[in-house]
Amino acid sequence: MVSVRRSEATLFTSREANGHENSTVQLIHRAGLARQFASGLYALTPTGERIRQQLIAQVTHEMDRIGGQRLSLPGLNDSDIWRQSGRWNRFEGEMFTLENRDGRQLCLAPSHEEGVVHLLRGEVRSYEDLPCLVYQVKSKHRDDHARNGLLRLKEFTMKDAYSLHASQESLEETYDAVRDAYVRLFEGLGIDFVIAEAANSVMGGAISEEFVALADTGTVEVLSCSDKDCRFGLTEESPASDCSDIDTCPECDGTLEYGAGIELGHIFQLGTRYSDSMEWSIDTADGNEREVVMGSYGIGIERLIHTLVEQQGDERGCRWPDAVAPYRAAIVPLEYDGELREVADWLYDQCGRQQTLLFDDESQRIGERFAESDLLGIPHKVVLGNHYLETGCVELESRDGHTRYVEPGEVSTHLQR
Ligand SMILES: [Zn+2]
C-alpha cells in the first residue's frame, strides 16, 4: 500500500465520541475506521479498508502456507443446491432469500459448503485427487441481529475455507494444520484468545472448535484459563458447558475465569454431512466408492478489527501491530515549512513503500499531529523537530514511547518489516 499526504487524505478522524454502544465502537468511530450506513451495515473508510486489506493479507499468507488454494464462488446462489443439502430456509433465520426476474429462488449465501460441493463434485472423482483445501475471502450476508458496531453485521468479510478428504484421518490432519495456522495468525497479531470446543449446530458434523478473543464488549460468555499459554476455554456452545460450575482448567490446573468474548474463527469437522445429502462419492483405492469427508473453517475479518481496537487500544487511540497498521509510520514535522518541509518531503519519497502518512497540513499544530497519529494507531512516528535542527538526526518514536535517534537516510531501513 502506498504512502499518503494528510492534505490529500480523507481521514474521518473525529473528536465526537457520544452516542455509541461502547468504548470500542466509539474508538472505531473516532479513529475514522468505519461509518454506519444502516442497521448492521457499515462502510469502511480509506483507513479502515487499509486495515482490512492487510488483515486479509495476513490470513491468506497463513492459508497459502498450509497449501490452501484460493478461489472465488458466487455470493448469489440458486436455491437448488441449498435444497439438496437440506439447508434452504433452515439457516437459523439468517439467510437472505430473493427471487430473480424469472421467478427462481435465490439466496445470498451465508456460507459455502454447498457451493464447494457443487463446484468440485464434477471435478474430483477419485481418492487420488484428494486431499484438497480451498478458500476464499468474500462478503457474506447473514440476517443477524445487528449490534455492537463491526461485531454483528448483516454484510461482512469472511475467509472461508473447505477441505475435502478420502478419509477421516486425512480430515483430522488438515483440521490440525488449519488450527495451527489460526493459532499462528492470532498469536502473530498479539491477540488474547482461547479455543473452545463447540456444538456444530447449523453446520452439521461432529467436532468443532471456536477461537474466542477475550473482550468485554463481546457477546459470547466464556470461561477462560488464567494461564495465557494454555488457551483452554468454554462457551455456552461447548458440549461441556454444563460444567460451568468448575473453576479449574482441565488441561493445566490453572484457574478458570468468567468473562466476555468475541468469536473470531470457527473450525468444523463436517464428516460426510454434505457429500451424503448432495450425493458426492469418489472411487477408493480398493475399487469401491465412498462419500467425500469435509471440513470447513471460517474467520471474520471485521471482528478482527474490532478485537484489535479493543484489546490493544489505549486512552490515546488505536494501537495496531506493525503488520496490519493502516500506516506504518507518521512523518511529523514541527512545522511544515522551510528546512523541515524539505526533509519531510524527502523522507516521504524515501519511505514511499513503508506506508507512511505525511502530516503536511499547514493548519495543524504539532500537538494535533501527535494526537491524530496516536488516535489512528500508527505504530511509529518520525519526528522532525528541534532535535533534528540541532543534531541532524530525526526522532524515531514508537507508539509506546520508545525513542531512537537516526540519520534521515536510515529511516526507511528502520521502518522495513
Ligand atoms: Zn489451562
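General remarks:
- Farthest toward positive dipole pole in the chain [+1 Lys/Arg, -1 Asp/Glu at C-beta], among Leu304, Leu375, Tyr175: Leu375
- Segment 102-145 residues near the modelled Thr60 label - backbone nitrogen below 20 Å, point 7 Å along Cα→Cβ: 112, 116, 133-141
- Taking 0.36 nm per residue of sequence separation and removing the Cα-Cα distance, the Gln416/Ala9 pair yields an extension gain of 144.2 nm.
- Selection from Gln355, Cys249, Leu234, by position along the positive dipole direction of segment 234-382 (Cβ): Gln355
- Accessible area expressed per residue, segment 322-415, with surrounding protein chains retained (probe 1.4 Å, Å²): 42
- Dipole moment magnitude, nearest 20 debye, segment 1-99 about Cα centre, only Lys, Arg, Asp, Glu C-beta charged: 420
- Around Gly188: net Lys/Arg minus Asp/Glu count, Cβ-Cβ under 11 Å: -2
- Residue by residue, segment 68-80 carries 3J(HN,Hα) couplings of x, 10, 7, 9, 9, 9, x, x, 8, 10, 5, 5, 3 Hz when phi is fed to the Karplus relation 6.51 cos²θ - 1.76 cosθ + 1.60 (θ = phi - 60°); x denotes Gly or Pro.
- Net charge in the neighbourhood of Arg87 (other residues with Cβ under 9 Å of its Cβ; Lys, Arg +1, Asp, Glu -1) is 0.
- Distance histogram in 5 Å bins (all Cα pairs of segment 211-330, percent per bin): 2, 10, 13, 15, 13, 12, 10, 9, 8, 5, 2, 1, 0, 0
- Per residue accessible area in Å² of segment 33-312, where ligands, DNA and RNA are left out and the probe is 1.4 Å: 43
- Accessible surface of segment 33-312, 1.4 Å probe: 43 percent of it comes from carbon and sulfur atoms.
- With all protein chains modelled, accessible area of Arg404 [1.4 Å, Å²]: 100
- Volume of the Cα convex hull of the chain, divided per residue and given in Å³: 166
- Rough spin-label spacing in nm, given labels placed 7 Å along Cα→Cβ, for Ser39 and Leu389: 5.7
- Sites listed here are trypsin sites (Lys or Arg not before Pro) in segment 70-108 whose DSSP assignment is loop and whose Cβ has at most 14 other Cβ atoms within 10 Å: Arg90, Arg101, Arg104.
- Along segment 151-158 the Karplus relation, 6.51 cos²θ - 1.76 cosθ + 1.60 evaluated at θ = phi - 60°, assigns HN-Hα couplings of 6, 10, 10, 7, 9, 8, 8, 10 Hz to successive residues, with x for each Gly and Pro.
- Each Lys or Arg adds one and each Asp or Glu subtracts one; over the other residues with Cβ under 12 Å from the Cβ of Ala43, this totals -1.
- Label-point separation in nm, His402 to Glu16, each point 7 Å along Cα→Cβ: 3.8
- Two-site label geometry, Ile366 and Gln53: point separation in nm, points 7 Å out along Cα→Cβ: 3.3
- Accessible surface of segment 322-415, 1.4 Å probe, proportion on carbon and sulfur as whole %: 43
- Within the chain, antiparallel bridges make up roughly 85 percent of the DSSP beta bridges whose residues both belong there.
- For segment 322-415, the Stokes-Einstein estimate of translational diffusion at 37 °C and a viscosity of 0.692 mPa s comes to 255 µm²/s, using the Kirkwood hydrodynamic radius over alpha-carbon pairs.
The values are calculated or read from the model by the stated rules, or taken from the named source; none is laboratory data. Since the structure is predicted, the reported quantities are computational estimates derived from the model, not experimental observations. Glycine gets a Cβ as well: all are built from the backbone with ideal geometry, and neighbour counts include every protein chain shown. What goes into the accessible areas is simple: the full protein's heavy atoms, side chains included, and nothing from ligands, DNA or RNA. Shrake-Rupley method; radii C 1.70, N 1.55, O 1.52, S 1.80 Å.
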